[in-house]
Amino acid sequence: MMVALVMFGVSGQAMASFNDGDLLRVVYTGSGSGTEYITDLGNFSTLTSPITSNNTLAGTDTFSLASVGASSWANVQIAYFIVNTAGNGGTGAVWTSGGTNGGNTNAGALASFTGAGALTYNSWQTNSAGANSLTESQASGVSYWTWLNNAQSGAPDIGGMAGYLKTPGSTAEANLGNLATAGYVDQVLYYYGATPDSGLRGTAVATIRTLLNGTGSTQLLASAVPIPAAAYLFGSGLLGMFGLRRKMAAKDPELG
């Protein structure tokens, strides 16, 4: 799986950047008048189930405070997303970063998200002139802030992906303040399945880690699968039975 993901990353970056199905990372500062640094991390449109191996994205293209004109990581936000308009037989497929709670999507909001995503992908592809990173002003009219945060509504829906994610509680964004202390910031990458417009929760396919190695970079990490409470109870029951048998065997050697 790790080799396959690396191949996806490399092949995605070898072709024209900012294509449908590519994983985009947006780092920004400001709230309508700031700077955004957008990077195409490669094509991950086949990533629909949890990964089992960690993957440092090949050629991940680092970023710095200077990339967005910030003086502190505490002033910088980050979000990741994929739009694949041809996915699911033309129904569309989407992925977004998010918190550990998963959250829900707004049923019926897929068209807004894919439309806004397509507009930014196409504009960024043109503006990048073949490079896989570019800097955009939030005042440019084709910014992440304008189309995917505000959704042209005039009222910020921070990290809501054009209203696709229900906020608060399922924002796609994270603040990078912890880079200065912990050295990384973790989010979850969610895939919204064969019915992305249903309003259901997404499938956690990876932990997406932003690292500070002098400059910012990205990893995809295999997410830990929580053990259901029932499994804990079953396990504790087995241990209890084992302990009882040992106790009885100590009293009656024939039981041993």
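The values are calculated or read from the model by the stated rules, or taken from the named source; none is laboratory data. In this text the structure is predicted, and so the values were computed from the model without any measurement. In this analysis, Cβ positions are derived from the backbone assuming ideal geometry, glycine residues included, and neighbour counts consider all displayed protein chains.
Is it true that some residue in region 108-124 is more than 23 Å from ALA194 (Cα to Cα), without any contact (Cβ under 8 Å) to a residue 24 or more places away in the chain and assigned by TED's automatic domain parsing to the domain that holds LEU176?
yes
Can SER45 be described as in the same structural domain as GLY141 (by TED's automatic domain parsing), assigned to a loop (DSSP other than H, G, I, E, B) and not aliphatic (A, V, I, L, M)? If you could, list the steps in order and put the result at the bottom.
Values: in the same structural domain as GLY141 (by TED's automatic domain parsing): yes; assigned to a loop (DSSP other than H, G, I, E, B): yes; not aliphatic (A, V, I, L, M): yes.
Criteria met by SER45.
Can we say ASP61 is surrounded by 14 or more Cβ atoms within 10 Å (Cβ to Cβ), in the same structural domain as ILE158 (by TED's automatic domain parsing) and modelled with pLDDT of 90 or more?
Numbers: surrounded by 14 or more Cβ atoms within 10 Å (Cβ to Cβ): yes; in the same structural domain as ILE158 (by TED's automatic domain parsing): yes; modelled with pLDDT of 90 or more: no.
Judged against the criteria, ASP61 is not a match.
Name the residue, out of LEU179, LEU212, that is part of a strand (DSSP E or B) and farther than 20 Å from ASN88 by Cβ.
On the way: LEU179 fails: part of a strand (DSSP E or B).
Testing whether each residue is part of a strand (DSSP E or B) and farther than 20 Å from ASN88 by Cβ leaves just LEU212.
What do you reckon, is SER128 under 15 Å from THR39 (Cα atoms), assigned by TED's automatic domain parsing to the domain that holds ILE158, under 17 Å from the mean Cα position of the chain (by Cα) and not aromatic (Phe, Trp, Tyr)? Show your work before the answer.
On the way: under 15 Å from THR39 (Cα atoms): yes; assigned by TED's automatic domain parsing to the domain that holds ILE158: yes; under 17 Å from the mean Cα position of the chain (by Cα): no; not aromatic (Phe, Trp, Tyr): yes.
Considered against the rule, which asks whether it is under 15 Å from THR39 (Cα atoms), assigned by TED's automatic domain parsing to the domain that holds ILE158, under 17 Å from the mean Cα position of the chain (by Cα) and not aromatic (Phe, Trp, Tyr), SER128 comes out as no.
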